[in-house]
Amino acid sequence: MTPDTGLANLAIEQVLELSANAHIERCMTARNSAAFDRLSGAISAYGKTLSLLVALREREEFYAMIAELDLPAAVTGLAH
């Protein structure tokens, strides 16, 4: 695990915890209330955030694997 993926994993864990708490709170909230709608929106946003964080983590892992191959920069397109 690279430092970047470690940070991504930490962020993912925190968003998962926030999402779980929002789910629990929403279960205890009246369905037709503003609080229920607010929590539903928050849960949706957490889901989108998780998708983004997982994609970023996978991208970083992919680039780390490519770097381990020690290919010439001309092949990888990562020339500086």
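The residues on offer are 46, 63, and the sole one that is at pLDDT 90 or above and surrounded by 13 or more Cβ atoms within 10 Å (Cβ to Cβ) is 46. For segment 13-28, the criterion of a residue being of a type in the set (Gly, Ala, Ser), surrounded by fewer than 12 Cβ atoms within 10 Å (Cβ to Cβ) and either touching a helix residue (DSSP H, G or I) at 6+ places or on another chain (Cβ under 7 Å) or in a helix (DSSP H, G or I) (or both) is satisfied by no position. Taking segment 35-51 as the range and being farther than 30 Å from residue 67 by Cβ and either touching a residue at least 12 places away in the same chain (Cβ under 8 Å) or not in a helix (DSSP H, G or I) (or both) as the test, the residues that pass are 39, 40, 42, 43, 46, 47. Do you know which residues across segment 49-60 are in contact with a helix residue (DSSP H, G or I) (Cβ under 7 Å, 6 or more places away or on another chain) and either polar (S, T, N, Q) or loosely packed, with under 12 Cβ neighbours inside 10 Å (or both)? Within segment 49-60, 49 is the sole residue that qualifies.
Checked against (1) out of contact with any helix residue (DSSP H, G or I) (no Cβ under 7 Å at 6 or more places or on another chain); (2) in a helix (DSSP H, G or I); (3) not aliphatic (A, V, I, L, M), residue 32 passes all but condition (2).
The values are calculated or read from the model by the stated rules, or taken from the named source; none is laboratory data. Please read these numbers as outputs of a predicted model, since none were measured by experiment. Reconstructed Cβ throughout: ideal geometry from the backbone, glycine too, with neighbour counts over all protein chains shown.
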